[in-house]
Amino acid sequence: MKGNLRKLALAASAAFIGLSAPGAMAQSVTMAVAAPVTSLDPHFHQLSPNNAVADTIFDKLLNTDSKSNNMPGLALSWRAVEPNVWEFKLRPNVRFHNGNAFTAEDVAFTLQRLPNVPNSPSSFAAYSRPIQAIEIVDPLTIRFRTAAPHPLLPLDMTNVRILDRETHQNATTEDFNAGRAAIGTGPYRVVSHRSGDRIEFERNDNYWGDRAPFQRVLYRMITNDAARTAALLAGDVEFIDQVPTSDLAKLRQDNRIALSETVGLRLIFLGLDHLRQANENSPFITDNDGKPLGKNPLQDVRVRRALSIAIDRRAIVDRVMEGAAVPAGQFLPEGVYTHVPDVTPPAFDADAARRLLAEAGYPQGFRIQLNGPNDRYVNDARIIQAVGQMWTRIGVRTTVEAQPWTTFIGRAGRADFSAHLIGWGSNPDGSHPLRNILATQTREKGWGSSNRGRYSNPRLDALLDQSLVELDEPKRVQLVIQAQRIAAEDVAVIPLHIQTNIWAMRRHLAHDARNDELTRAQDVRLSLIHI
């Protein structure tokens, strides 16, 4: 087996040498993505770049279409057989890349693994915590018993990639990253992985679903915006994501290039330090002379509100994002069923912001550092520069520090910052950001796994708890909306805008634009007009 794998890797690597040759076009594609993939372990780190690659290698019980609607995956059907028991009927004749048969045992093993992945910086445990017991009825039928009714369990399963019990029971995250354990049931299999640089895939010809469009895929990580666009125009790559907004006009006029775009579900927002109490110093806040304040002004909602309304969101969308976003006051865009109808993007009002600061006891403001990544989100470093200038104008003298994502995210996870820019790619249900971003960090429930500001609000937590056991869907939705409204009123985070997802490709390709922004090899195909 090992000898065959080595031959496969050599053959695939040799094939990629000729990717640009016309004869290779129909069999191979080279993609370039903006954000580095931090792990091939599908349960290590909840990040969109990781999830996109995980969807290429692994499958979930429920998949989602380009509009985030649930659809069958490894489960053909699901139903609540009792108020607190869900039953899933599994797809027959599915095999992992190594030939092992997929059964209910693999589902049970996967769910037991989620909360036990060492050093996970953003755990998937929230999706298995509600499950109290697992019953394997037969090899293709599994039941999950929850302590109380859990209407979101099918939705939870859209986040869980299924592993093979036999292959993965002793596998470490390092084994996945080395490629040894990167074995799933997905449409492509891993041939090689150079962390932070590239992944080589080969089509899984035994895949249970639609045949993957290409025999081979080279998935490169080019974090520099200018370099990514240049590679596309030069033909070194055929497809890119996170199209730089500064290049949009040029690409739209280039008849060699096609664009794929849709309004997304990714909110770009500012996280704030809720961890340090009112009488404690926040790490990057001082008085105007650079001395410790002896208190954390971010614990005062008036200060948080002042910082929010000091931001001219429309100016950021128009000038920094060049129209490729919509201003936001909450996690989800209009048209999504858990969007809060009466929560609008806060209006820019610098004078009111100054008054709020004075009321809170800071008539002369203070100093703060705003942190963020410089290679993860569209225009991320430029956004924090713009916000810093706006805050400085109301007397909150702001310095900014932009870092590579791999450095930044570790520090954010440790709550090292006073204020930081980050994004969240949600799904259409508001419970998703509530559980992960805003709920009080609670290991037993798996809540707050990405709550990097350590926000905590008992009223919000109580509403979230109620929503997670409410089987009446209209009532559940209203509970979720009410919890989100509380978060907005409390300025738990400062929403900035929701990105428009834009991809660019050579004209011989076509792409299914996804509102969850995942850049997946299986969504790229040859354009019909070029076949």
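The values are calculated or read from the model by the stated rules, or taken from the named source; none is laboratory data. Computed from a prediction, not measured in an experiment: that's the story for all the values here. FYI the Cβ positions are ideal-geometry reconstructions off the backbone, even for glycines, and counts take in every protein chain you see. Remember, those area values only see protein heavy atoms, side chains included, never the ligands or the DNA or RNA. Shrake-Rupley method; radii C 1.70, N 1.55, O 1.52, S 1.80 Å.
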May I ask you to list pairs of residues, at least six apart or on different chains, whose Cβ atoms are under 7 Å apart, with the first in the stretch 167-181 being closer than 20 Å to residue 101 by Cβ and open to solvent by less than 20 Å² (accessible area, probe 1.4 Å) and the second being β-branched (Val, Ile, Thr) and in a helix (DSSP H, G or I)?
181/167
Any residue at all in the stretch 12-20 that is within 29 Å of the chain's Cα centre (by Cα), surrounded by fewer than 16 Cβ atoms within 10 Å (Cβ to Cβ) and at pLDDT below 95?
no
Tell me, yes or no, whether the stretch 221-232 has at least one residue that is among the charged types (D, E, K, R) and closer than 17 Å to residue 33 by Cβ.
yes
Picking from 109, 124, 88, the residue that is open to solvent by 20 Å² or more (accessible area, probe 1.4 Å) and either modelled with pLDDT under 95 or under 28 Å from residue 47 (Cα atoms) (or both) would be 109
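From the list 307, 270, pick out the single residue that is open to solvent by less than 80 Å² (accessible area, probe 1.4 Å) and part of a strand (DSSP E or B).
Values: 307 fails: part of a strand (DSSP E or B).
When all the criteria are applied, what remains is 270.
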Considering only the stretch 397-442, state which residues are farther than 26 Å from residue 130 by Cβ, hydroxyl-bearing (Ser, Thr, Tyr) and modelled with pLDDT of 95 or more.
398, 399, 418
For residues that are β-branched (Val, Ile, Thr) and open to solvent by 20 Å² or more (accessible area, probe 1.4 Å), scanning just the stretch 352-401, find the one that is nearest to residue 50 (Cα to Cα).
400
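Does residue 338 satisfy the condition of being crowded, with 23+ Cβ neighbours inside 10 Å and over 18 Å from residue 388 (Cα atoms)? Quick ask: steps written out before the conclusion?
Details: crowded, with 23+ Cβ neighbours inside 10 Å: yes; over 18 Å from residue 388 (Cα atoms): yes.
For residue 338, the condition - crowded, with 23+ Cβ neighbours inside 10 Å and over 18 Å from residue 388 (Cα atoms) - is met.
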Restricting attention to the stretch 233-277, which residues are farther than 22 Å from residue 382 by Cβ, small (Gly, Ala, Ser) and modelled with pLDDT under 95?
none
Find the residue count for the stretch 91-106, including only residues that are surrounded by fewer than 21 Cβ atoms within 10 Å (Cβ to Cβ) and touching a helix residue (DSSP H, G or I) at 6+ places or on another chain (Cβ under 9 Å).
4
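I'd like to check something: does the stretch 389-396 contain any residue that is in contact (Cβ under 8 Å) with a residue 24 or more places away in the chain, under 18 Å from residue 291 (Cα atoms) and out of contact with any strand residue (DSSP E or B) (no Cβ under 9 Å at 6 or more places or on another chain)?
We begin by selecting, within the stretch 389-396, every residue in contact (Cβ under 8 Å) with a residue 24 or more places away in the chain; these are 390-391, 393-396.
Adding the requirement that they be under 18 Å from residue 291 (Cα atoms) leaves 395-396.
Within this subset, residues satisfying the condition of being out of contact with any strand residue (DSSP E or B) (no Cβ under 9 Å at 6 or more places or on another chain) are none.
Scanning the stretch 389-396 turns up no residue that is in contact (Cβ under 8 Å) with a residue 24 or more places away in the chain, under 18 Å from residue 291 (Cα atoms) and out of contact with any strand residue (DSSP E or B) (no Cβ under 9 Å at 6 or more places or on another chain).
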Please state which one of 286, 245, 262 is β-branched (Val, Ile, Thr) and more than 31 Å from the chain's Cα centre (by Cα).
286
Being over 25 Å from the mean Cα position of the chain (by Cα) and over 20 Å from residue 314 (Cβ atoms) is the filter here; which residues of the stretch 370-395 pass it?
395
Conditions first: (1) free of Cβ contacts under 8 Å to residues at least 40 places away in the same chain; (2) of a type in the set (S, T, N, Q); (3) buried (at least 24 other Cβ atoms within 10 Å of the Cβ). Residue 501 passes all but one, so which condition is the exception?
(1)
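Does residue 205 fit the bill of being in contact (Cβ under 8 Å) with a residue 24 or more places away in the chain and not in a strand (DSSP E or B)?
Numbers: in contact (Cβ under 8 Å) with a residue 24 or more places away in the chain: no; not in a strand (DSSP E or B): yes.
The answer is no for residue 205.
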Output the number of the condition that residue 50 fails; it satisfies all remaining conditions of (1) under 22 Å from the mean Cα position of the chain (by Cα); (2) of a type in the set (S, T, N, Q); (3) at pLDDT 95 or above; (4) farther than 30 Å from residue 381 by Cβ.
(4)
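Considering the stretch 230-245 alone, what residues qualify as being over 17 Å from residue 518 (Cβ atoms) and touching a residue at least 40 places away in the same chain (Cβ under 8 Å)?
Quick first cut of the stretch 230-245, residues over 17 Å from residue 518 (Cβ atoms) only: 230-238, 244-245.
Within the stretch 230-245, 231, 232, 235, 236, 237, 238, 244, 245 qualify.
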Going through (1) free of Cβ contacts under 8 Å to residues at least 12 places away in the same chain; (2) open to solvent by 50 Å² or more (accessible area, probe 1.4 Å) one by one, residue 284 fails only at (1)
If residue 294 satisfies all but one of (1) open to solvent by less than 10 Å² (accessible area, probe 1.4 Å); (2) more than 30 Å from residue 75 (Cα to Cα); (3) in a loop (DSSP other than H, G, I, E, B), what's the number of the condition it fails?
(1)
